[in-house]
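Before any comments, here is the structure.
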Amino acid sequence: MIEITTARLNEAQLDFLRELENIGAGNAATALSSILGRPVALEVPVARIVGIAQMPEIMEDAERLVTGSIVGMNGDLEGLILFIQTIEDATMLSNTMLRSAGVLDEQGDFPSELQKSALLELSNILCGAYVNAIAELAALRINCSVPVFTIDMAGAIMNVPAAMYGMSGDVALLLETVFCENNLNAVSRFFLIPDIRSRDTLMKKMGIA
C-alpha cells in the first residue's frame, strides 16, 4: 500500500502516484527480467512527497554507510535524482546481476569495479523507468545525465540536494522499490528533486500547486 505523507492530497493526486508506481515498477521489472533472464518481482510500498529537510531522516541512521548514484535532470524538469541503497542491499543486488550474467567477481572488497558497473546499470534501469513514467503521466520532456557512483554516510549523500535547494523549501518525490529474490528483499530509494521552477511545474501537473 502506498504511503502518502503530504498533507491533504486529493484523489486525483493520489491517482497520479498510484499510476507512477504501476507504470514505473512495471517498466523496471520488465527491463530487469530481460537482463537477468527470469521474472523479477518489484514492489513499491512507499510513494510520497517529502520536504528536502526530511531526506536525511528517511535513512534513519545518518552515519550509516550507503551507496548512491547521482543523476542530473534537464529539459522540462531540472534538478537531481538520488538513488540510495544500504551496503548490504547494494552487495546483494550487484552480485545477483553479476551471477545472472555469468560473471565471476574475484575481488573481495566491496565495491569492486564489476559491482559498481552493475549498480550503475541498475540505477540506469530504475531511473529510466520512473523518469519515463513521470514524463508519460505529466506530458513532460525529461533528460537524464550519466549516473555518478559514490559511497558515503547517508547524511552526507542526502544533504547534497538539501544544501542546493533546501533553503527554498523544495520537495522531493520518494519512491521505495523492493527487489524480491529467493525470500530476500533489497530496498532501493529513488529521490527525484526538482529545482524551484521545475518543482512548480511538477506540482501543477499533479494538481497540487
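Read the figures in this text as sums done on the coordinates, not as results from a lab. Bear in mind the structure is a predicted one, so any value in this text is a computation, not a measurement. Cβ coordinates were reconstructed from backbone atoms using ideal geometry, including for glycine residues, and neighbour counts include every protein chain displayed.
Annotations for the structure displayed:
- With respect to the chain, whose longest principal axis is taken over its alpha-carbon atoms, helix 113-138 is tilted by about 30°.
- Exposure proxy ranking, count of Cβ atoms within 10 Å, fewest first, for PHE110, PHE179: PHE110, PHE179
- Nearest-ten-degree value, helix 87-100 long axis tilted from longest Cα axis of the chain: 60 degrees
- Net charge contributed by nearby residues that have their C-beta within less than 13 Å of ASN74 (K/R +1, D/E -1): -1
- Applying 1/(1 + (r/R0)^6) with r as the Cβ-Cβ distance of ILE87 and ASP200 and R0 = 45 angstrom yields a FRET efficiency of 0.80.
- For the chain, radius of gyration divided by Kirkwood radius, i.e. Rg to Rh on alpha-carbons: 0.95
- Positive-end residue of SER69, PRO56, CYS180, charge dipole of region 41-186 with Cβ unit charges: SER69
- Taking the fewest neighbouring Cβ atoms within 10 Å as the starting point, the ordered list for ARG18, ARG189 is ARG18, ARG189.
- Backbone N within region 170-209 under 20 Å of label point (7 Å from ALA139 Cα along the Cβ vector): 198-209
- Degrees, to the nearest 10: 196-206 long Cα axis against longest axis of the chain: 80 degrees
- Label zone at ASN22 (point 7 Å along Cα-to-Cβ), backbone N below 20 Å, region 35-50: 40-49
- Highest-first arrangement of 36-43, 192-199, 76-83, where packing means the average Cβ count within 10 Å: 76-83, 192-199, 36-43
- Between ALA41 and ASN74, the simple spin-label model (points 7 angstrom out along Cα→Cβ) gives 4.2 nm.
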